[in-house]
1. May I ask you to say which residue of 42, 48, 8, 58 is surrounded by 10 or more Cβ atoms within 10 Å (Cβ to Cβ), assigned to a strand (DSSP E or B) and free of Cβ contacts under 8 Å to residues at least 40 places away in the same chain?
2. Specify which of the listed residues (37, 73) is among the charged types (D, E, K, R) and buried (at least 16 other Cβ atoms within 10 Å of the Cβ).
3. Any idea which residue in the range 76-112 is surrounded by the most Cβ atoms within 10 Å (Cβ to Cβ), counting only those that are assigned to a strand (DSSP E or B) and aliphatic (A, V, I, L, M)?
4. Please go through the range 11-39 and pick out each residue that is over 17 Å from the mean Cα position of the chain (by Cα) and in a loop (DSSP other than H, G, I, E, B).
Amino acid sequence: MIRLLAWTFAGLLLGGIVHLATILILPRTATQDAYARLTPLTETNKMTLLPTPSAESTLMPFVDPAFATAVCRYDLTQGPLKLQAPVSQPYTAVSFYTRRDVAYYAINDRAAGRRTIELDLMTAEQRAQVQDDEEVTAADRLIVTSPTTTGLIILRAFAPEPGAIPLARGVLNTATCTVTPE
């Protein structure tokens with residue numbers, strides 16, 4: 001009886017190790033992640049408005065059709081990035097992801113507290129080179145430090161009804177992400 005319990009415990013332990021290893025390794029080996037899917041449709045360091053998702057065709061799984069979406073595929077090797085996104089009336093959110101789809105920062109229009117969301121995105125090395133100005137507070141200049149040099153900025157604007165989708169898309173169409181000189 002003890003031998004059977006030992007083999008059962010060993011099997012469960014081995015199964016748990018294989019399960020954990022698979023869960024941790026699988027995202028790194030996937031070839032069709034969000035970054036790879038968006039690469040042919042977007043330019044580096046430029047905001048691109050994504051097409052409206054439908055039941056027949058969508059770029060990403062589980063995309064809410066009530067949101068208009070724009071993407072900036074960034075590369076910080078050319079310098080820090082300046083993001084400027086106007087806020088839509090109902091709701092606007094900005095999310096930052098690394099190249100491997102790890103979310104590391106998000107902000108919405110209510111947290112920004114302004115009519116536009118303005119921030120600087122840079123690596124830790126670029127942040128160390130920025131001169132601190134005593135007259136500029138953290139509320140005046142929001143700086144986001146990226147853990148990687150490449151990644152995605154996802155900008156979403158909510159449309160409370162289907163007729164408001166063109167308005168939300170128009171707001172996102174004026175958003176920019178541009179490289180700023182160091």
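1. Numbers: 42 fails: assigned to a strand (DSSP E or B); 8 fails: assigned to a strand (DSSP E or B); 58 fails: assigned to a strand (DSSP E or B).
None of the other options fit; the residue is 48.
2. Among 37, 73, only 73 is among the charged types (D, E, K, R) and buried (at least 16 other Cβ atoms within 10 Å of the Cβ).
3. Among residues in the range 76-112 that are assigned to a strand (DSSP E or B) and aliphatic (A, V, I, L, M), the one surrounded by the most Cβ atoms within 10 Å (Cβ to Cβ) is 85.
4. Scanning the range 11-39 gives 30, 31.
Bear in mind these aren't lab numbers, they're just calculated from the coordinates by the rules spelled out. Not measured: the values here are computed from a predicted model. Here Cβ is always computed from backbone atoms with ideal geometry, including for glycine, and neighbour counts include all displayed protein chains.
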